Amino acid sequence: MSSRYTAIIFDLGDVLFKWSSDTKTSISPRTLRDILSSPTWFDYERGRLSESECYAKVGEEFILESDEIASAFQQARDSLQADNQLIALIRELKAQSHGQLQVFAMSNISLPDYEVLRSKPADWSIFDQVFTSGAAGERKPNLGFFTQVLSATGVDPHSTIFVDDRSENVLSARSLGLHGIIFDNSHNVGRALRNLVGDPIARGRDYLKQNAGRMVSVTDRTEKHPAIELRENFAQLLILEATSERSLVDLVEHPRTWNFFQGKGQLTTEQFPFDLDTTSLALTVLRRDKELACSVMDEMLEYVGPDGIILTYFDHRRPRFDPIVCVNTLSLFYTYGRGDELHKTLQWVQEVLRNRAYLDGTRYYETPECFLFFTSRLLAGSGDQELHAALKPLLKERVQERIGAEGDALALAMRILVTDFVGIRNEVDLRALLPLQCEDGGWEIGWMYKYGSSGIRIGNRGLTTALAVKAIEATSTPTVPPRQSPSPTLIGSPILPPKKMPVVTVPADTIVNPIKGRHRRNSSLRDSLQWLWNAGKGRKAVEV
């Protein structure tokens, strides 16, 4: 699959090559950099002065001996070192593009200094062409230099990335339509380039496959507790539902009711009770035998509070209730046509949605997006018209209110999936989600649930990545034509659509995925995602 970006233009000094202004001469680092910013030096970089003429004139202007200037710059030249890590990344990106990516250099550098630079050990083969101010007679940020380079290379500025450490140079590039990245450090720029040039869906899938069976949850670090790995079933079930790939997850299955933990309880009582939340999720994801499911639901009905609201645990000593646990239990009951047996629970869920009671999360879940996401999952898994009439219009209003709100990668992915379900195109949150993809292809961790008493948060990178990939896949055609100016991001990461995937039939007795987004993986999606870049708290029931 071809990338939206087909060319990258790099600055050389302070980007691909590092140097030191500390010399063993009388010229201070600040004075040396002042010289580099002087009109005389600019003329030298344009080729209007020879090296000796430049040193002589600078000596007069800064009251310095020309020999001392020459010595200082010679030492600066000697300090030049290539950033081999970044160069290796460029080489990797070119190889992955199968000849589709061109790489150029564009530098404010005199011809004598460029001759010295070329003698430095570096892989110069990564460049298709190098443009210097000394040869062009122009320098950045002047637009003339940029137009020369664009004309000589024939690249489309809207398909070209420009990387430079000076904001004024990046501004000029952006004004001509290039996607500008201000260089701050190699790690950030490398991450941005991977996200810009790579396919986020393919990279996300690769992350999931490379970490198959090892995507354990972790707790947040607090003053009292260090972060620990947490082996639990809930996130594994959600990853399975999002991907339909059993090989990716590590489940400890139960024949009837389920436990959140895969073994003993962690950071809580070791003999942790089985819960309705995990059990409901497992029975809807794995689609167990109907007779078994109905038997479990009969047992669940023994755990209803005095208000008629379904409880969280199969344990009368823990009479806790949570609206998201209620939603997930409703999903199970509606899946098997028994939703009317939890009428009061549904009424309460509706009031929670209507009155925005979820905005600060719930007892067991971290963000408002969790409530909205699981509510959409309830609706997506049921064809009950009365249920849809009661919740879907309200859900649409509430998720629309959340568009653009702050959130981690998991919250953003959930929000995008909910807006897609109710028919809203959410490019705002998609733009926020894309740059959060990490160099390894996964997304940064998002916090899904928390311990009810201590509030310690729990998250899972695998789950965040699975839902982020699903959210990107759900993106469809934009409703307005694309703009032609690039997004003015410091570190950004556009996405490209995956190749059209074959339809995979999953046996009804194994895995079902009730959330069916509109996955149009074609040129419309490609145009949509390109346009996006040019326009430039979820928790689980755990008791302490």
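The values are calculated or read from the model by the stated rules, or taken from the named source; none is laboratory data. These numbers come from a predicted model, not from an experiment. We place every Cβ from the backbone using ideal geometry, glycine too, and count neighbours over all the protein chains shown. Side chains are part of the model used for accessible areas, which takes the heavy atoms of the whole protein and leaves out ligands, DNA and RNA. Shrake-Rupley method; radii C 1.70, N 1.55, O 1.52, S 1.80 Å.
With R₀ set to 41 Å, the beta-carbon distance separating Arg320 from Arg214 gives a calculated FRET efficiency near 0.85.
Determine, for each peptide in 454-463, 168-177, the mean count of other beta carbons within 10 angstrom over its residues, then list the peptides with the highest first. Don't jump to the answer; show the numbers that get you there.
Numbers: 454-463: 23.3, 168-177: 18.6.
Result, highest mean Cβ count within 10 Å first: 454-463, 168-177.
Around the amide H of Phe17, modelled in the peptide plane, lie the amide H atoms of Asp83, all under 5 Å away and 5 or more residues distant in sequence or on another chain.
At a temperature of 10 °C and a viscosity of 1.306 mPa s, determine how fast the range 72-227 diffuses translationally according to Stokes-Einstein, using the Kirkwood radius over alpha-carbon pairs as Rh; express D in µm²/s, rounded to the nearest whole number. Intermediate values should be presented prior to the final figure.
Working: Rh = 18.2 Å.
For the chosen part, D equals 87 µm²/s.
Please compare each pair in Lys396/Lys470; Lys18/Lys140; Lys264/Lys290 to a cut-off of 22 Å on the Cα-Cα distance and tell me which ones are over it. Please report the intermediate quantities before stating the final value.
Working: Lys396/Lys470 19 Å; Lys18/Lys140 19 Å; Lys264/Lys290 29 Å.
Checking Cα-Cα distances, Lys264/Lys290 exceed 22 Å.
How much accessible area per residue does the chain have, in Å², with a 1.4 Å probe?
On the way: 22610 Å² over 544 residues.
Result: 42 Å² per residue.
Using the Cβ of Tyr44 as centre and a radius below 13 Å, the other residues enclosed give a net charge of -2, where K and R count +1 and D and E count -1.
For the range 141-290, the Cα-based Rg and Dmax, in that order, read 24.6, 72 Å.
Taking the DSSP bridge list for the chain and keeping only pairs wholly inside it, about 40 percent are antiparallel. In terms of overall dimensions, the C-alpha atoms belonging to the range 266-405 reach 41, 36, 29 Å along their principal axes, ordered largest to smallest.
Rg over Rh for the range 97-158 works out to 0.99, using Cα positions for both radii and the Kirkwood form for Rh.
With a Cα-only, solvent-free Debye model of the chain, what are the log10 I(q)/I(0) values at q = 0.05, 0.10, 0.12 Å⁻¹? Result of the Debye calculation: -0.28, -0.83, -1.04.
Extension gain, Ala357-Ser125: 0.36 nm per intervening residue step, less the Cα-Cα distance, totals 77.6 nm.
Rank by packing, highest mean first: peptides 140-153, 403-416, with packing defined as the count of other Cβ atoms within 10 Å averaged across residues.
Details: 140-153: 17.1, 403-416: 23.6.
Packing proxy ranking, top to bottom: 403-416, 140-153.
Have a look at Gly407, Thr31, Ala7 and report the one farthest towards the positive end of the charge dipole of the chain, computed about the Cα centre with Cβ charges (Lys/Arg +1, Asp/Glu -1). The Cα lying farthest towards the positive end belongs to Gly407.
What does the charge add up to near Ala192, with Lys and Arg as +1, Asp and Glu as -1, over the other residues with Cβ less than 11 Å from its Cβ?
Net charge around Ala192: 0.
Report the far tail of the P(r) of the range 356-434, meaning the percent of Cα-Cα pairs longer than 15 Å. Of all Cα-Cα distances in the range 356-434, 51 percent exceed 15 Å.
Taking only the Cα atoms of the range 179-242, how large is their convex hull per residue, in Å³? Working shown, then result.
Details: hull volume 9.4 nm³, N = 64.
Dividing the Cα hull volume of the range 179-242 by its residues yields 147 Å³.
For the range 155-198, the normalised intensity computed at q = 0.23 Å⁻¹ comes to -0.76 (log10 of I(q)/I(0), Debye sum over alpha carbons, equal scatterers, no solvent). Peptides 50-60, 332-342, ordered by how many other C-beta atoms sit within 10 Å of their residues on average, highest first, read 332-342, 50-60. Expressed as a whole percent, the accessible surface of the chain that belongs to carbon and sulfur atoms is 48, based on a 1.4 Å probe.
Among the aspartates and glutamates, select those whose C-alpha is under 14 Å from the C-alpha of Lys344, and discard any that sit fewer than 8 residues away in the same chain. Cα-Cα hits under 14 Å: Asp307, Asp322. Binning all Cα-Cα separations of the range 261-335 at 5 Å, short to long from zero, yields these whole-percent fractions: 3, 16, 27, 24, 18, 10, 2, 0. Dimensions of the range 1-120 based on its C-alpha atoms, expressed as ranges along the principal axes with the largest first, amount to 58, 28, 22 Å.
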